[in-house]
Amino acid sequence: MSEKRLLALRKRLKARKPEFIRCESWRYVRVKSSWRRPKGIDNKMREKRKGWPKSPNVGYRAPKKVRGLHPSGFQEVIVYRVEDLEPLNPEEHAVRIAGSVGNKKALEIMDKAEEKGLWILNPRVVKEEVEEELVKEEEVIEAADLEEVVEEEEGVRLTEVEWIDGESAKKLEEVGVFTLKALAEEEDLKELSEITEIPLEKLEEWVSKAREMLKEGET
């Protein structure tokens with residue numbers, strides 16, 4: 001799955017993720033809402049009873065390849081001094097100037113970052129003559145970008161395949177798997193199963209069938 005598609009998926013998963021709160025924080029003022037794992041022997045949240053707030057679970061995590069990345073797809077690096085910029089790659093990293101850095105040193109960091117072509121996420125002091133170069137628009141993955149991905153995909157759509165039920169096909173499309181070819185190329189089926197809530201056995205069977213069909217088509 002491409003990085004662009006994974007970022008779009010991460011954005012949709014984040015929108016659906018519930019707020020994890022401490023048990024009965026809504027009942028007592030003295031109990032803060034910040035998450036604490038429920039441990040009581042009769043605790044309903046620990047038992048995952050229906051109607052109680054959700055607890056953190058592996059299925060809520062973002063895909064591994066884009067976990068921790070900035071929405072633009074860059075790896076965010078906090079910089080404290082000019083020397084911290086040396087090992088950074090402008091094609092992979094984006095710079096965030098630490099809050100404890102003064103304006104004088106921040107200007108030095110920005111000048112060096114400009115030389116290396118690095119993007120600064122929080123320009124502290126922006127010179128008028130280089131404002132257009134230093135401040136770049138943040139690339140946000142929108143639904144329109146996902147539509148472009150769909151148009152680029154070639155092959156049989158999952159919704160047209162008889163042996164994949166409509167509900168499962170819809171779930172797979174929600175995470176960016178639109179065609180048999182895309183399904184056949186999937187490798188991390190365990191993670192896909194956790195995200196879509198489709199049984200792993202079913203996914204393994206479908207991927208195997210998709211690969212066989214594509215192989216027959218090539219021959």
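Only one of the numbered conditions (1) more than 23 Å from the chain's Cα centre (by Cα); (2) not in a loop (DSSP other than H, G, I, E, B) is not met by Lys32, and that is (2).
Within the stretch 172-209, being in a helix (DSSP H, G or I) and of a type in the set (A, V, I, L, M, F, W, C) holds for Leu172, Leu180, Ala182, Leu183, Ala184, Leu189, Leu192, Ile195, Leu200, Leu203, Trp206, Val207.
Name the residue, out of Ala62, Ala98, Ala94, Ala106, that is small (Gly, Ala, Ser), surrounded by 14 or more Cβ atoms within 10 Å (Cβ to Cβ) and under 30 Å from Glu24 (Cβ atoms). Before you say what the answer is, go through the steps one by one.
Numbers: Ala98 fails: under 30 Å from Glu24 (Cβ atoms); Ala94 fails: under 30 Å from Glu24 (Cβ atoms); Ala106 fails: under 30 Å from Glu24 (Cβ atoms).
Result: Ala62 is the single residue among Ala62, Ala98, Ala94, Ala106 that is small (Gly, Ala, Ser), surrounded by 14 or more Cβ atoms within 10 Å (Cβ to Cβ) and under 30 Å from Glu24 (Cβ atoms).
Checked against (1) out of contact with any Leu (no Cβ under 7 Å at 6 or more places or on another chain); (2) in the same structural domain as Arg211 (by TED's automatic domain parsing); (3) modelled with pLDDT under 80, Glu167 passes all but a single condition, namely (3).
Residue-by-condition table, conditions (1) modelled with pLDDT of 90 or more; (2) more than 19 Å from Val77 (Cα to Cα); (3) not small (Gly, Ala, Ser):
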| site | (1), (2), (3) |
| --- | --- |
| Val95 | yes, no, yes |
| Ser100 | yes, no, no |
| Asn103 | no, no, yes |
| Leu107 | yes, no, yes |
| Val126 | no, yes, yes |
| Glu129 | no, yes, yes |
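Of the numbered criteria (1) at pLDDT 80 or above; (2) of a type in the set (Asp, Glu); (3) over 27 Å from Arg10 (Cβ atoms); (4) surrounded by 11 or more Cβ atoms within 10 Å (Cβ to Cβ), the one Glu115 fails is (4).
Those residues that are within 23 Å of Leu6 (Cβ to Cβ) and part of a loop (DSSP other than H, G, I, E, B), I need them from the stretch 73-117; list them, please. Full working, then the answer.
Taking the stretch 73-117 first, the residues within 23 Å of Leu6 (Cβ to Cβ) are 73-77, 88-96.
Hits for the stretch 73-117 are Gly73, Phe74, Leu88, Asn89, Pro90, Glu91, Glu92.
Checked across the stretch 186-202, the condition of being of a type in the set (S, T, N, Q), closer than 17 Å to Leu13 by Cα and touching a helix residue (DSSP H, G or I) at 6+ places or on another chain (Cβ under 7 Å) holds for at least one residue.
Scanning the stretch 168-185 for residues that are surrounded by 17 or more Cβ atoms within 10 Å (Cβ to Cβ) and not aliphatic (A, V, I, L, M) returns Ser168, Lys171, Glu173, Gly176, Phe178, Thr179, Lys181.
The values are calculated or read from the model by the stated rules, or taken from the named source; none is laboratory data. What you see is a predicted model; the values in this text were computed from it and never measured. Neighbour counts are summed over all protein chains in view; Cβ atoms, including those assigned to glycine, are modelled from backbone coordinates with ideal geometry.
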